[in-house]
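Q: Just passing along the structure, written as structure tokens.
The values are calculated or read from the model by the stated rules, or taken from the named source; none is laboratory data. This structure is a prediction, so every number in the text was calculated from the model and none was measured. Every residue, glycine among them, receives a Cβ derived from its backbone with ideal geometry; neighbour counts consider all protein chains shown.
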Amino acid sequence: MGSQEFKIAVLVSGRGTNLQAIMDAIEHAGLPATIALVLSNKKDAYALKRAENHGIEAVFLDPKSFSGKLEYDQAMIDLIKSKSVDLICLAGFMRILSGEFIHAFPEKIINIHPSLLPAFPGLHPQKQALECGVKFSGCTVHFVDEGVDSGPIILQSVVPVYDSDDEEKLSGRILEQEHILYPKAIRLCLLNQLTLSGKKVMQKKH
Ligand code: GRF
């Protein structure tokens, strides 16, 4: 492991194409990271399979085996802390994180969301974009705070919305950009190239 190699944890709930993009960026595009842990709240998340196929530790933490949200989040905190990761990347993780979790890892949790935030936070952002009639949408990588998709914005990509789009077509076009954007943002975070000032994230000048 080179001196510039950082450790990350990836939290997932579903198919894991963003996890795949991160693994590919590590293997083929010099992203200086090791994925120390993939953690899912869904047993059948295909993302767990993708991790196993790459020899990455993949853990399903069953919400039903905990008495409540705080206990569950504490178990996640303990597991992630035991791996000493530099960054936690949410990649389609469909649970709202408690304040306890967020404060356990200050400025170390990021998320990708398929809209140009602050437009269309929450569920079904592509459907929201189509219903609203916007001509451009896209994706956003942001730091996670206690709100829903409300944290400071790190990077965004813009994607056109066409008259012929349905949710699936628009989602696919946005997803292609997600897979490029997320590894870029992870690199910036790991290499300490960002400064956070209130809601504003700026890239350090060299
Ligand atoms: C992505 O669209 C991501 O932006 C959103 O959830 C979806 C996860 O997709 N937060 P995948 O599991 O990475 O394929």
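Q: Might you let me know whether region 67-88 holds any residue that is in contact with a strand residue (DSSP E or B) (Cβ under 9 Å, 6 or more places away or on another chain), within 16 Å of the ligand (Cβ to nearest atom) and not assigned by TED's automatic domain parsing to the domain that holds F143?
A: Scanning region 67-88, I find at least one residue that is in contact with a strand residue (DSSP E or B) (Cβ under 9 Å, 6 or more places away or on another chain), within 16 Å of the ligand (Cβ to nearest atom) and not assigned by TED's automatic domain parsing to the domain that holds F143, so the answer is yes.
Q: Would you check which residues across region 107-145 are in a helix (DSSP H, G or I) and either within 11 Å of the ligand (Cβ to nearest atom) or under 30 Å from S84 (Cβ atoms) (or both) and list them?
A: P125, Q126
Q: Restricting to strands (runs of 3 or more DSSP E) lying wholly in region 148-206: which have 2 or more residues that are under 22 Å from A25 (Cβ atoms)?
A: Fully inside region 148-206 and qualifying: 153-160, 200-203.
Q: Considering only region 127-179, how many residues are in contact with a helix residue (DSSP H, G or I) (Cβ under 7 Å, 6 or more places away or on another chain) and within 26 Å of Q203 (Cα to Cα)?
A: Here the count works out to 15.
Q: Being over 15 Å from the mean Cα position of the chain (by Cα) and within 16 Å of the ligand (Cβ to nearest atom) is the filter here, so list the residues in region 33-44 that pass it.
A: Once the filter is applied, which keeps residues that are over 15 Å from the mean Cα position of the chain (by Cα) and within 16 Å of the ligand (Cβ to nearest atom), region 33-44 yields K42, K43, D44.
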